[in-house]
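*Asks:* Would you mind keeping the following structure in view while I ask a few things?
Taken together, the values in this text are just the output of simple stated rules run on the coordinates, not laboratory data. Values in this document were obtained by computation on a predicted structure and should not be read as measured data. Note that each Cβ is placed from the backbone with ideal geometry, even for glycine, and that neighbours are counted across all protein chains shown.
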Amino acid sequence: MRSALTTHGNDGYRVRHYDLELDYKVGPNRVSARAKITAVAPQPLSRFALDLSGFKIGAVLVDGRPAKFGRSGVKLAVRPAKPVSGEFTVEIRYSGNPKPVGGRWGDIGWDELTDGALVASQPIGAPSWFPCNDHPADKAAYRVTVTTSSAYAVVVTGDLVSRQTRASTTTWVYERREPTSTYLMSVQIGRYEDLALPESQRLAVPRSLVTAARYDFARQPEMAALFSRLFGPYPFREYVVVVTDDDLDDPIEAQGMAVFGRNHVDGRRTHERLVAHELAHQWFGNSLTIADWRHIWLNEGFATYAEWLWSEFSGGPSAAALATQWRERLESLPEDVVIGNPGEANLFDERVYKRGALTLHALRGSVGDAKFFELLKSWAEEHRHGTVTTEEFVAHADAVSGQALRGLFTAWLERPALPPRI
């Protein structure tokens, strides 16, 4: 049986732009939608597929002409009236009650809240709300239009370009111009207060959590200043944190956005390390996106190490102290995960996060602080808005440091046993 990670995504074309229009009714959790996708096929295609879960399909047009289509699981198979080649467009009209995609990691994607909705698509949830080529390496631009009751605020991963109210509904239009993976696109709908922070940051929070959220996220602009100094300029125009009025197991990153549950906000900064972690993903994971899920340590190890750097900078335990602490923790756990390719079962295992961060700490110890921070910054800047692999990072580290580091990375990333203490 093929894993969900390998069944999502489609060959033969790349998407340039998604234009999504959603009319959403909160009470019945119902969407009526149109998706217009602009894609490029290097070779003629007599048929192709998109990823879409659920929904009733009203029509499929390719280059303006009706096309035949069929469904099989998450796949929407399309047969155009004539083969497509070069740039082509696909328009799909669909409707229904969006629901998450089930899988090994629980329910992923569009999720009903007590009063509103959220989208948490990592890694395979994007087809729960729009037809797409659901592969992290196929990054595209987006325009997302959402119409819903005026009682709710709508926050989408992108820059707000217009908002218009008619009678009892409001239409929100967002554009995401930077290349973006499908799993990093998100829609948040709720009764939110909009709070401004320095450094082009905003909070969208329920009224009851305004005071606590202002305190818990007050040092986020300082984090952004630190990460901009260490990793290069912030990759997007703004950063929006949404706090839902429901509990979440973990915060969720999206492009230019992070989503926290009300359980992560207590007015005591209990979860400040998570604030740093999600912000760091804007560089590592969102601007630099992994070419496929084997390389997830490049997202999670880097964001975890950014937590340690913030702790060190802000007067908490040093990165070295945290590395020692987590090394001891990992020594108490089974050593049966290859961090450089953890597999579907271990994709979000804590060992990927912590050992990934320890890999970076070992690299820092090997090359010294000056070269380490030079190579982190140049890595983020040279691959800004691109896709990356472990092999590329190893080559980059070799080039910047002037050292041959293959042995270090092999020991930390390709072998399940922890390397010996030095």
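*Asks:* Any idea what the relative contact order of the chain is, in percent, if you count C-alpha pairs under 8 Å spaced at least 6 apart?
*Replies:* 11
*Asks:* I've got another one for you. Could you tell me what percent of the DSSP beta bridges with both partners in segment 192-273 are antiparallel, to the nearest 5?
*Replies:* 50
*Asks:* Further, regarding this structure: Quote the relative contact order of segment 192-273 in percent (integer), defining contacts as alpha-carbon pairs under 8 Å separated by 6+ residues.
*Replies:* Once divided by the residue count of segment 192-273, the mean separation gives 31 percent.
*Asks:* Do you know the relative contact order of segment 1-190, to the nearest whole percent, from alpha carbon pairs under 8 angstrom that are 6+ apart?
*Replies:* Value for segment 1-190: 23 percent.
*Asks:* Kindly write out, for segment 173-186 in residue order, the coupling ³J(HN,Hα) from the Karplus curve 6.51 cos²θ - 1.76 cosθ + 1.60 (θ = phi - 60°), rounded to whole Hz, with x marking Gly and Pro.
*Replies:* The phi angles translate into 10, 10, 10, 10, 7, 6, x, 9, 6, 4, 5, 9, 8, 8 Hz.
*Asks:* Continuing with this model, one more query. Among 156, 40, 173, which one moves the most in a GNM of the chain with springs linking Cα atoms closer than 10 Å?
*Replies:* Result for the chain, Cα springs under 10 Å: 40 fluctuates most.
*Asks:* Once you have a ≥ b ≥ c as the square roots of the Cα gyration tensor eigenvalues for segment 289-414, tell me rounded if a/c is under 1.5, and otherwise prolate or oblate according to whether a/b is larger than b/c. Each step should come with its number before you reach the end.
*Replies:* Details: a/c = 1.44, a/b = 1.06, b/c = 1.36.
Rounded, since a/c falls under 1.5.
*Asks:* Just the number, please: percent antiparallel of the DSSP beta bridges in the chain, rounded to the nearest 5.
*Replies:* If I count the DSSP bridges inside the chain, around 80 percent turn out antiparallel.
*Asks:* Report the residue, chosen from 399, 306, 117, that carries the largest GNM mean-square fluctuation when the chain is represented by alpha-carbon nodes joined by springs under 10 Å.
*Replies:* Result for the chain, Cα springs under 10 Å: 399 fluctuates most.
*Asks:* What is the count of Lys pairs in the chain whose alpha carbons sit under 25 Å apart, if the two are 8 or more places apart or on different chains?
*Replies:* Close lysine pairs found across the chain: 20.
*Asks:* Enumerate the calculated ³J(HN,Hα) couplings along segment 269-286 in order (Karplus 6.51 cos²θ - 1.76 cosθ + 1.60, θ = phi - 60°), each rounded to whole Hz, writing x wherever the residue is Gly or Pro.
*Replies:* Once θ is set to phi - 60°, the couplings for segment 269-286 become 6, 4, 10, 5, 4, 5, 4, 5, 4, 5, 5, 4, 4, 5, 7, 9, x, 9 Hz.
*Asks:* Most exposed first by the Cβ proxy, i.e. fewest other Cβ within 10 Å, how do 186, 378 rank? Could you put the intermediate results ahead of the total?
*Replies:* Details: 186 29, 378 15.
Least to most surrounded, the residues fall as 378, 186.
*Asks:* Additional query: Pull out a ≥ b ≥ c, the square roots of the eigenvalues of the alpha-carbon gyration tensor of the chain, then state rounded if a/c is under 1.5, prolate if not and a/b is larger than b/c, and oblate in the remaining case.
*Replies:* Note, shape of the chain comes out oblate.
*Asks:* For segment 289-414, what is the charge dipole size about the Cα centre, in debye to the nearest 20, if Lys and Arg each add +1 at the Cβ and Asp and Glu each add -1 at the Cβ?
*Replies:* 240
*Asks:* To continue, here is another question. Assigning unit charges at the beta carbon (Lys, Arg +1; Asp, Glu -1) and nothing else, what dipole magnitude in debye, to the nearest 20, does segment 1-69 show about its Cα centre?
*Replies:* On the way: 11 positive and 6 negative charges, 33 e Å.
Magnitude of the dipole: close to 160 debye.
*Asks:* If you don't mind, another one. Would you compute, for the Cα atoms of segment 1-190, the largest minus smallest coordinate along each principal axis and list the three values in descending order, in whole Å?
*Replies:* 47, 36, 30
*Asks:* How do 308, 412 rank when sorted from fewest to most other Cβ atoms within 10 Å of their own Cβ?
*Replies:* Placing the least packed residue first, the sequence is 412, 308.
*Asks:* Across segment 223-231, in residue order, what do the Karplus-derived ³J(HN,Hα) couplings come to in whole Hz, using 6.51 cos²θ - 1.76 cosθ + 1.60 with θ = phi - 60° and x for Gly and Pro?
*Replies:* For segment 223-231, the Karplus curve yields 4, 4, 5, 5, 5, 5, 5, 7, 10 Hz.
*Asks:* With +1 on the Cβ of every Lys and Arg and -1 on the Cβ of every Asp and Glu, and nothing else charged, how large is the dipole of segment 192-273 about its Cα centre, in debye rounded to the nearest 20?
*Replies:* Dipole of segment 192-273, to the nearest 20 debye: 360 debye.
*Asks:* Taking the number of other C-beta atoms within 10 Å as the exposure measure, put 238, 307 in order starting with the fewest.
*Replies:* 238, 307
*Asks:* So the label point goes 7 Å from the Cα of residue 85 along Cα→C-beta, right? Which residues of segment 6-29 then have their backbone N under 18 Å from it?
*Replies:* 12-14
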